[in-house]
Amino acid sequence: MSKQTATLFIQCLVDSLRPEIGDAMVHILERLGVPMHYPPEQTCCGQPAFNSGYRAEATKAARRFIDIFEDSEIIVCPSGSCVHMVRHHYPELFKDEPGMLVRARRVAARTYEFTEYLVDVLGVTDPGEELGSRFNGTVTYHDSCHLARGLGIRRQPRQLLGNIPGLTLVEMDESDRCCGFGGTFSVKYPEISTAMVDDKVKTILETGADVVSGCDVSCLMNIAGRLSRIGSPVRALHIAELLAGTGV
């Protein structure tokens, strides 16, 4: 049976600062024979505006997103926070517009986080065999807030990481404790954010891992910045990079 075309929803930070994550995602989907489409006109999903209380601006961004993506068979994104925005907050934004509410719910139902798509839709169970994945080293995993609490996605990333040949997965204490990024939170409250990421880095270092991985680049950039400032050799890599074997 032919696979549905995956329309790629590439998060702003990936597009602007870590495009290699998008490349890794494409590399993996190519290995799986998934037909892909990338709408070049896509822009922000509106999450930063929504989280900061600018609902009118968030609604404008959401309306544009729906216009661009609503004809997609399936939408795949390498970011739990953006998927959470589309699934849970788009219907909320359009609750008083019946026509748009129907469209928002339709798009929300077709939008998947990357590891969720690999495991729950495509049925990937053996990354070594199916994706050619391999990593020699120890990895610990950070549960980002929107992914773990908002979407309930905890099993899928661990299932993938735990089955990469050569990779030893070690759990950190309080893996779902916030790293302190929180989008504009880290800008508005830098002292609190720094204290939070210091706590996160401490638990990462206690594992002795070579790499900390996750599914949200915003968290990984925040953690990587703090690791760099203290001179730690531990790297922060998106799970797509580990699965694709890029950047390792």
Seminar exercise, completed: When restricted to Ala108, Ala104, the only residue in contact (Cβ under 8 Å) with a residue 40 or more places away in the chain, in the same structural domain as Asn51 (by TED's automatic domain parsing) and in a helix (DSSP H, G or I) is Ala104
For this session: Could you tell me whether the range 222-237 includes any residue that is under 23 Å from Ser52 (Cβ atoms) and buried (at least 21 other Cβ atoms within 10 Å of the Cβ)?
Result: yes
Problem set entry | Looking only at the range 193-218, and only at residues there that are touching a helix residue (DSSP H, G or I) at 6+ places or on another chain (Cβ under 8 Å) and among the hydrophobic types (A, V, I, L, M, F, W, C), the one that is nearest to Gly80 (Cα to Cα) | Cys215
Problem set entry | Hey, Ser175 surrounded by 17 or more Cβ atoms within 10 Å (Cβ to Cβ) and part of a loop (DSSP other than H, G, I, E, B) or not | yes
Exercise. Does at least one position in the range 69-89 carry a residue that is at pLDDT 95 or above, acidic (Asp, Glu) and in a helix (DSSP H, G or I)?
Worked result: no
Problem set entry | Residue in the range 128-151 that is farthest from Thr246 (Cα to Cα), counting only those that are in contact with a strand residue (DSSP E or B) (Cβ under 9 Å, 6 or more places away or on another chain), surrounded by 22 or more Cβ atoms within 10 Å (Cβ to Cβ) and not small (Gly, Ala, Ser) | Leu147
For this session: Within the range 20-33, identify whether any single residue is within 16 Å of the chain's Cα centre (by Cα) and either among the charged types (D, E, K, R) or not in a helix (DSSP H, G or I) (or both), and answer yes or no.
Result: yes
Exercise. Considering only the range 201-239, how many residues are among the hydroxyl-bearing types (Ser, Thr, Tyr), within 19 Å of the chain's Cα centre (by Cα) and under 19 Å from Leu169 (Cβ atoms)?
Worked result: 1
Exercise. Does the range 134-144 include one or more residues that are in the same structural domain as Ala209 (by TED's automatic domain parsing) and in contact with a Phe, Trp or Tyr (Cβ under 7 Å, 6 or more places away or on another chain)?
Worked result: no
Exercise. Failed condition for Gly53, given (1) touching a residue at least 12 places away in the same chain (Cβ under 8 Å); (2) under 22 Å from Glu97 (Cβ atoms); (3) part of a loop (DSSP other than H, G, I, E, B), with all others met?
Worked result: (1)
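The values are calculated or read from the model by the stated rules, or taken from the named source; none is laboratory data. Because the structure is a prediction, the values reported are computed rather than measured. A quick note on method: Cβ atoms are made from the backbone with ideal geometry, for glycine too, and the neighbour counts reach across all protein chains shown.
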